[in-house]
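The values are calculated or read from the model by the stated rules, or taken from the named source; none is laboratory data. Everything numeric here is computed off the predicted structure, so don't read it as measured data. Counting neighbours? That spans all protein chains shown, and the Cβs are built from the backbone with ideal geometry, glycine included.
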Amino acid sequence: MAETSLLEMHDINKSYGGIHALKGVDLDLRVGEVLGLVGENGAGKTTLMKILCGIEKPDSGRIIVGGEEIRIHNPHHAQELGIAMIPQELVLVPEMTVMENIFLGREKTGSVRFLRKNVMMDETKRLLEDLKCSYINPADMVGFLPKADQQLVAIARRILQGGKAFIMDEPTAALTERETRNLFEIISTRLCASGRSVIFISHRLEEVLKISNRICVLRDGNLITVLEAAADMDKKTLIFHMVGGEIKDEFPKIEVKRGKEVLRVEDVTFSTNQGGIVKDINFSVHEGEVVGITGLVGVGKTELGQTLIGVRDLLSGKFFIDDKEVAINSPVKAVELGFGYVSEDRREEGLVLDLQSLHNMTINSLDQVSNRFVLIKSRENKLGEGIAKRLSMKKEFLQMEAQQLSGGNQQKVVVIRQIVSNSRIIIFDEPTKGIDVAAKSEVSRIIGELSREMKAILLLSSEPREVLGISDLIFVLSKDGMEGPYPRGTLDYEQLMAIEFGAHKKV
C-alpha cells in the first residue's frame with residue numbers, strides 16, 4: 001500500500017455551547033488503505049466525519065485533500081472532492097425503487113430529457129452483482145426491503161457516485177456474517193485495490209481489527225493514538241485505549257430470583273417483512289426474568305416485537321397477561337397493558353429528533369410532569385435528572401435535541417422513557433446496535449437493574465454474546481422455526497451459532 005496521503009485533517013476543534021466535541025484532532029487517510037476509527041459514543045467520531053463531509057464547520061483547523069488545503073463548504077462540495085459518506089442511519093426514500101434511489105440526483109437522460117430507464121436498470125443490476133446481492137430486484141420499493149438489503153442499496157448508491165474516500169459508519173450493523181464478508185471483499189478488491197480509501201467506523205471491534213490497516217482511537221474529543229492493526233493487536237488492547245482502562249464484563253448480568261408469570265405467548269403466527277410466515281411461537285416471561293430471543297438478521301425477531309405491541313397483525317395465536325387472555329390491536333392498547341418498547345431503529349421509530357432529550361424521556365408520562373394541561377418544568381426536570389444521573393448521563397444533555405446526541409446517549413433517552421413510564425413488560429429490540437463497548441455494558445447493566453425491579457424483559461437480539469451474557473432463558477429463531485428454551489449456562493457461543501445456522505446441534 002502506498003504511503004501517500006489522500007486527505008489530512010490538522011488540529012480540528014469544534015464546540016457546541018459548553019461542550020468541546022473535538023480538541024485539536026489530527027487524522028490522515030492514505031491511498032489504498034482502510035483506516036479504522038473507534039471510540040466511545042460521544043468521543044467525537046461523528047463530529048469529525050461531519051466536518052470532513054461538509055455538514056459541520058470546524059471552529060479551527062486545516063483540511064488538505066490531494067495536497068491542497070481546502071475549506072469544505074457543504075456536502076455537495078465534499079462529494080465533488082471525492083468524499084463519499086455512507087451514514088449509519090440510511091438516507092433513502094422508502095417510496096422509491098432501488099434503481100431510483102441509487103440514481104437519485106444522477107438520473108441518466110436522453111437528448112430530449114427523457115429518462116433512460118433501461119440504461120439505469122442495467123447499471124443498477126451491475127452494481128448489485130458487484131455487491132453480491134443480485135437477488136435484490138432494482139424495481140422493488142426500498143421501503144419493503146429488510147434493513148440488511150437497504151444497507152446494500154445505500155452502499156451501491158455511493159459507489160455509483162464515485163469518489164476516492166469512502167466513510168462507512170457502522171456499515172455492518174444490519175448485515176449477516178455472510179453479507180459482512182461480502183462487504184469486506186468489496187472494500188478490499190474493488191475500493192482499496194483501485195487506489196480508493198475507506199474510513200471504517202464501527203463498534204464491532206473484531207471487525208475493525210480484521211479489516212483495518214491502521215486504527216485511530218478517539219476519547220473525549222482527543223486523538224489518543226494511531227495503531228497499526230498488526231496480528232498481535234487484540235480487542236482488549238483496543239478497549240483499553242478507547243475507555244482509558246479495562247472493562248471487565250461487556251455484558252454484565254444481575255442475578256434475580258424470578259417472580260410470577262407476566263406474559264405468555266401461545267401458538268403465535270405472524271408475517272415477516274420478507275413476506276415469510278413465522279409459526280408456532282411459544283414462550284413466557286416472568287417478573288425479574290430476561291428472556292432472550294436470538295437469530296440471524298431477517299428471521300423475524302423485530303416482527304415478533306411489533307406483533308406483541310400491536311404494530312403488526314397477529315395472524316393466529318393468543319397473548320396472556322397475568323394468565324388472562326388479552327387482545328393487542330394497537331400500540332396504545334399495548335401501553336395500557338403495561339408494555340414498553342425500545343425499537344431497533346431509535347432515530348426513525350424511537351425518538352422525536354428535533355425535540356429536547358428531556359421531553360423525549362417524559363413524552364409517555366405527561367401525567368407525572370403536568371397539572372392537567374400545564375407542563376410543570378420543575379417536576380419534569382427533577383424526574384429526568386434523577387434517572388439520567390442513575391444512568392450516568394450528563395445533565396447538560398437533557399436540554400439538547402435528541403438528534404445532537406451520540407448513539408449511546410440516544411439509546412439511554414429511549415430506555416429512560418420506559419423507566420419513567422413504569423412499564424411492566426419491556427421489549428428491547430437490538431438494544432446495543434451501533435453503540436460502543438462501554439455503552440453496551442451500561443445498557444446491559446440497566447436491563448439487569450430493571451429485572452431487579454421485577455420488570456419482565458424480552459430481549460430480541462442478533463448479537464449472540466449479548467444474549468448469552470444477560471439472558472435467563474434463550475430461544476433461537478431460525479429458518480426451521482423456534483428452538484428452546486435453553487436455560488442460562490447450557491449454551492456456549494459455538495453451540496448457539498450452530499443452532500442459528502440450522503446445524504441442530506443437540507445440547
Against the conditions (1) more than 24 Å from Leu175 (Cα to Cα); (2) without any contact (Cβ under 8 Å) to a residue 12 or more places away in the chain, where does Ser60 fall short? Just the number, please. (2)
Can you name the residue in region 132-172 that is surrounded by fewer than 20 Cβ atoms within 10 Å (Cβ to Cβ) and touching a Gly at 6+ places or on another chain (Cβ under 6 Å) and, of all such residues, is nearest to Gly32 (Cα to Cα)? Lys164
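Out of region 372-430, which residues are aliphatic (A, V, I, L, M) and assigned to a helix (DSSP H, G or I)? Walk me through it before giving the result.
Initial filter on region 372-430 (aliphatic (A, V, I, L, M)): 374-376, 383, 387-388, 391, 393, 398, 400, 402, 405, 413-416, 419-420, 425-427.
Residues satisfying the conditions are Leu383, Ile387, Ala388, Leu398, Ala402, Val413, Val414, Val415, Ile416, Ile419, Val420.
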Set Glu89, Glu177: member being surrounded by fewer than 18 Cβ atoms within 10 Å (Cβ to Cβ), in the same structural domain as Arg30 (by TED's automatic domain parsing), touching a helix residue (DSSP H, G or I) at 6+ places or on another chain (Cβ under 8 Å) and at pLDDT below 90: Glu89
Do you know which of the residues in region 458-479 that are in contact with a strand residue (DSSP E or B) (Cβ under 7 Å, 6 or more places away or on another chain) and in a loop (DSSP other than H, G, I, E, B) is farthest from Leu304 (Cα to Cα)? Asp472
Matching residues in region 353-387 - criterion: being surrounded by 13 or more Cβ atoms within 10 Å (Cβ to Cβ) and either closer than 13 Å to Gln410 by Cα or among the charged types (D, E, K, R) (or both): Leu353, Leu355, Gln356, Ser357, Leu358, His359, Asn360, Met361, Arg379, Glu380, Glu385
Against the conditions (1) at pLDDT 85 or above; (2) surrounded by fewer than 21 Cβ atoms within 10 Å (Cβ to Cβ); (3) not in a helix (DSSP H, G or I), where does Leu218 fall short? Just the number, please. (2)
Any residue in region 274-295 that's hydroxyl-bearing (Ser, Thr, Tyr): show its pairings with residues that are surrounded by fewer than 18 Cβ atoms within 10 Å (Cβ to Cβ) at Cβ separation under 7 Å, as long as the two are six or more apart or on different chains. Ser284/Glu261
Any idea which of (1) under 30 Å from Gly221 (Cα atoms); (2) assigned to a loop (DSSP other than H, G, I, E, B) is the one Val256 doesn't satisfy? (1)
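Out of Thr180, Thr176, report the one residue that is of a type outside the set (Phe, Trp, Tyr) and either at positive phi or free of Cβ contacts under 8 Å to residues at least 40 places away in the same chain (or both).
Numbers: Thr176 fails: either at positive phi or free of Cβ contacts under 8 Å to residues at least 40 places away in the same chain (or both).
Only one candidate qualifies: Thr180.
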Looking at region 42-61, which of the residues that are within 21 Å of the chain's Cα centre (by Cα) and either part of a strand (DSSP E or B) or of a type in the set (Lys, Arg) (or both) is surrounded by the most Cβ atoms within 10 Å (Cβ to Cβ)? Lys45
